[in-house]
1. Check L266, L300 and return the single one that is outside any helix (DSSP H, G or I), aliphatic (A, V, I, L, M) and at pLDDT below 95.
2. Return only the number of the condition from (1) of a type in the set (A, V, I, L, M); (2) part of a loop (DSSP other than H, G, I, E, B); (3) crowded, with 18+ Cβ neighbours inside 10 Å that V218 does not satisfy.
3. Can you tell which of K44, K70, K35 is within 23 Å of W282 (Cα to Cα), in contact with a helix residue (DSSP H, G or I) (Cβ under 8 Å, 6 or more places away or on another chain), touching a residue at least 24 places away in the same chain (Cβ under 8 Å) and not β-branched (V, I, T)?
4. For residues that are assigned to a loop (DSSP other than H, G, I, E, B) and under 30 Å from R115 (Cβ atoms), tally how many sit in the stretch 14-68.
5. Looking at the stretch 395-442, which of its residues are of a type in the set (S, T, Y) and modelled with pLDDT under 95?
6. From (1) surrounded by fewer than 21 Cβ atoms within 10 Å (Cβ to Cβ); (2) part of a helix (DSSP H, G or I); (3) not small (G, A, S), pick out the condition that doesn't hold for V240.
7. Please find, within the stretch 303-334, the residue that is modelled with the highest pLDDT out of those that are part of a helix (DSSP H, G or I) and within 18 Å of R251 (Cβ to Cβ).
8. Of the conditions (1) free of Cβ contacts under 8 Å to residues at least 24 places away in the same chain; (2) within 30 Å of E100 (Cβ to Cβ), L153 satisfies every one except a single condition; which number is it?
Amino acid sequence: MSIRKILGRTGLTLVALVAVLLAARAVLNYTTGKKLEKFLAEAKAKGLPVSYMDVGLACPGTTNAEPFWKAAVVLFGGQDQATRILNPELANLFEVRPLEEKSRSLIRTGIEKNRRSIDLLLAAAARPCFQLRDRRVFLEQSILHDYVSILNLIKLLGFEALLRADGGDVRGGLNEWIQGFRFVRLTMQEPELINALIAISNAKCLLIVLNRIVDGRVVGGDDLAALLKELDVESWRAAVAGSLKGERALRIESGRDILRGRLDSLDVGLGRRFLLWLFRPWVRTQMMHQYSAFDEIEALLGEPYYQSRMRMNAFHDRQEHRPWYERLPDDGFSGISGTGMKEACLEALMETARIGLAARVYLAREKRFPAAVADLVPGLLSREPMDPFTGKPLVFRIDRDNLLIYSLGSNEKDDGGRGTFLVQQLVTPKDDDWAWRDKIRN
């Protein structure tokens, strides 16, 4: 047989194989398209979001706190000397170091410079709901600038509440703190993971400030009771798990972008673009698989951290070791286990605060300290708060007039209540105790 005939037959064979491959791809493209349509229709019938416009609560007109949030960001004065010292001074507060006069002066200047923005956040706290009017804004880089501004404004608001208390207006400081905490909790109505992480960071900052406002000061029973009502641990945990509703929708939106050929966000060359086109049926299959995976992770985030940590870490490891072709509709579920840890850190601060505040109420009523946390249940606390990292009772110590309550933290070791507060804890794990300290005076 001549070379020409061999090459001709080989060419015909290759053409036939390509034709078969393209025909198979066409059939799979059609069938997976129908499956995806049916899958999303069934998800929507169950009340799950299949588009980014499906997430969030109905929040019309003047009921929405978002316009105040946006206006506060627009008016924010930006980074300056005052905002640059906020994180170091928060770390000092957490480690019970005094706020020096120079820092007080700088922070007061920052507060006055951003007076209007802070007032807008306080006004937003009075609104019943929060919803971004343009949900697609989460796909834009500019939202990160907005969040940095809100982080700084919440810190300034917290320091203003502390400075009010230091000036003798304890009730005024606590009322402002409550409004700030309510605003942060309100933003959790926008179900998006980055939104939850920012809210966790803001709430942690405010809880550190609250400890320093209450520490060693005379606080009325009504004020203590009002503070206790704000610290609803279960609602925060549920809100963090609920933030994945937005993540579900974003994964579908990302998959749809790929199916439409919008690959700007992916690092792909011409060869991989062709493969993405060829494997569009696989992309649809992965969209359905990854959408369903949120059932597992939402359930894990809805559990106490000590119960879910091992399974959450295993889930994270499975996602991180997926091959590139299983990441087509998104970049995986990176950071999910870290989200669980951050929420547990917040719970630790809230639970220790609840015990500390309830102990103050007990002292006012009984003229003595509770001998144990059990003395606060059920009269002041509906249940005994547990360490979110161990599932065991929090450490509760009274040395004369010094009250110390703490969680063992993610290392599950008793560091005597010692801890450090770093802004990096927004994105990295924490390995120290989370504590509430109070020099109680009769």
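The values are calculated or read from the model by the stated rules, or taken from the named source; none is laboratory data. Note that the structure is a prediction, hence the values are computed from the model and not measured. So basically every Cβ, Gly included, is an ideal-geometry build from the backbone, and we count neighbours across all protein chains shown.
1. L266
2. In the conditions (1) of a type in the set (A, V, I, L, M); (2) part of a loop (DSSP other than H, G, I, E, B); (3) crowded, with 18+ Cβ neighbours inside 10 Å, V218 misses (3) alone.
3. After ruling out the rest, the residue left standing is K35.
4. Going residue by residue through the stretch 14-68, those that are assigned to a loop (DSSP other than H, G, I, E, B) are 46-51, 55-60, 65.
Of the ones still in play, those that are also under 30 Å from R115 (Cβ atoms) are 59-60, 65.
Looking only at that region, the number is 3.
5. Within the stretch 395-442, S410, T420, T428 qualify.
6. All conditions pass for V240, except number (1).
7. At the first step, the residues of the stretch 303-334 found to be part of a helix (DSSP H, G or I) are 305-320, 324-326.
Subset that is within 18 Å of R251 (Cβ to Cβ): 315-316, 318-320, 324-326.
On the way: F315: 84, H316: 80, R318: 80, Q319: 75, E320: 75, W324: 64, Y325: 61, E326: 64.
Within the stretch 303-334, the match that is modelled with the highest pLDDT is F315.
8. Looking at each condition in turn, L153 falls short on (1).
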